[in-house]
Amino acid sequence: MLVAMGFLRIRTTVDERPGRLASLAAALADRGGNILGLSVQPDTDGTVDEFVADIPAHPETVRQALEAAGGRRVQVVPATAHELTDEPTRALLLASRLRSMPWRLPELLAELLRADDARWIYGEPVHDLPDPTLLVVPVAARRAVRLRRGELPFTSTEAARAAAFARLAQPVAEQEGAERGVKLADGAEVTLRPLTSIYREAVRDLHDRCSAESRRFRYFTALPALPERVFDRMCDRNRGHALVAGHDGQVVGMANLLFTSDPGSAEMAVLVEDRWQGRGLGTAMARALVNAARDLGYAEIRATMLSDNARMRRLLLSLGATLCYTEDPGVVAARLPVGVMASA
């Protein structure tokens, strides 16, 4: 029996291993499929590969083929030729419309994410929704947009896209300079600045003042001195984004965002001098890094920590991260979707 050609949107989660994408593409090719669009998105438990394909096969047959090729939670839904438009161009056109009509944010968010329904909600936004077909996009302190999409659950990458898109509808914020003052809960004031080579000696002194335990929590080893090559790599803006916290002429904390080869993900690490721990400095620096990651286009921040690093666990949980154990029983991993950082 001849099966008519049809457009399908296919989404599957895969383990982050080399060759998985090639296996999925081969499985579609074996069913006569022609891949017309592809996106790769990090999510909470793997990588989500999404295809738009012209394929002469029944959706159930496609689903079974991709599961056999290593796909998890495979979903196959009908698509239209309209969905073959260039995604960056489509997003830019929607952004242009939003800038001129910000009151239409729910409608345009729905169009951006191909949601079935979008509406304003008022009150405290809920970030950790148990239903993956719902997404709440914070817009202001007590105002948000709730999206619903029945066929395809929202990914953390889509949450980040929605958060970035919603910022276009907000009033233009005052431009922050290269440094920013932060007042901690106990009244102490620190200044956050981008890390540059001029802080080489100050960062070395910071490491000298930190206890062996604090250095072990940051580097997984007591590391008596920070190697020059490691410091230079931290300052390289092509490899990441880092900042230091200064007080009374000293660097009292440092936070690093390391770009990785995983699409849409960056790795975060924080070091705070012992006498400044427990005062909110680590949280302030981490929030600054999350905002930087959002501005740089990342969808997710990851972190790995020793299992006895209770302060870092609490910090990440306060931001809305999820924790999971790794193959090493002494190491815990955290994943924080950038678009849904918990409110201060």
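The values are calculated or read from the model by the stated rules, or taken from the named source; none is laboratory data. Since this is a predicted model, take the numbers as computed values, not measurements. For neighbour counting, all protein chains shown are included, and Cβ atoms are generated from backbone atoms with ideal geometry for every residue, glycine included. When the accessible area is computed, the model is the full protein with side chains, heavy atoms only, and any ligands, DNA or RNA have been set aside. Shrake-Rupley method; radii C 1.70, N 1.55, O 1.52, S 1.80 Å.
Computed quantities for the displayed model
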read-out	value
Shape of region 31-73, Cα gyration tensor, a/c cut at 1.5	oblate
Within region 74-233: Cβ-based charge dipole about Cα centre, in debye rounded to nearest 20 (Lys, Arg +1; Asp, Glu -1)	160 debye
C-alpha center-to-center spacing [region 205-265, region 99-117] in angstrom	40 Å
Cβ crowding within 10 Å averaged over residues, with 253-260, 23-30 ranked highest first	253-260, 23-30
Estimated distance in nm for a label pair at A91 and L134, the labels positioned 7 Å out from Cα along Cα-to-Cβ	2.6 nm
Residue (of I35, T155, P102) at the positive-pole extreme of the chain, dipole from beta-carbon charges	P102
Helical contribution to [θ] at 222 nm, DSSP H n ≥ 4, -39,500 (n - 2.57), averaged over the chain, rounded to 500	-9500 deg cm²/dmol
Accessible surface, the chain, averaged per residue in Å² (probe 1.4 Å)	51 Å²
Contact order normalised by residue count of region 1-108, Cα under 8 Å, 6+ apart, percent	34 percent
Region 220-286 - Debye-derived log10 I(q)/I(0), Cα point model, q = 0.17, 0.24, 0.25 Å⁻¹	-0.70, -1.20, -1.24
Radius of gyration and Dmax over the Cα atoms of the chain, both given in Å	22.5, 79
The chain: most fluctuating residue of M285, M312, M101 per GNM, C-alpha cutoff 10 Å	M101
Per DSSP, loop GluC sites (Glu not before Pro) in region 258-344 with at most 10 further Cβ within 10 Å	E327
Prolate/oblate/rounded label for region 230-344 (Cα gyration tensor, a/c 1.5)	rounded
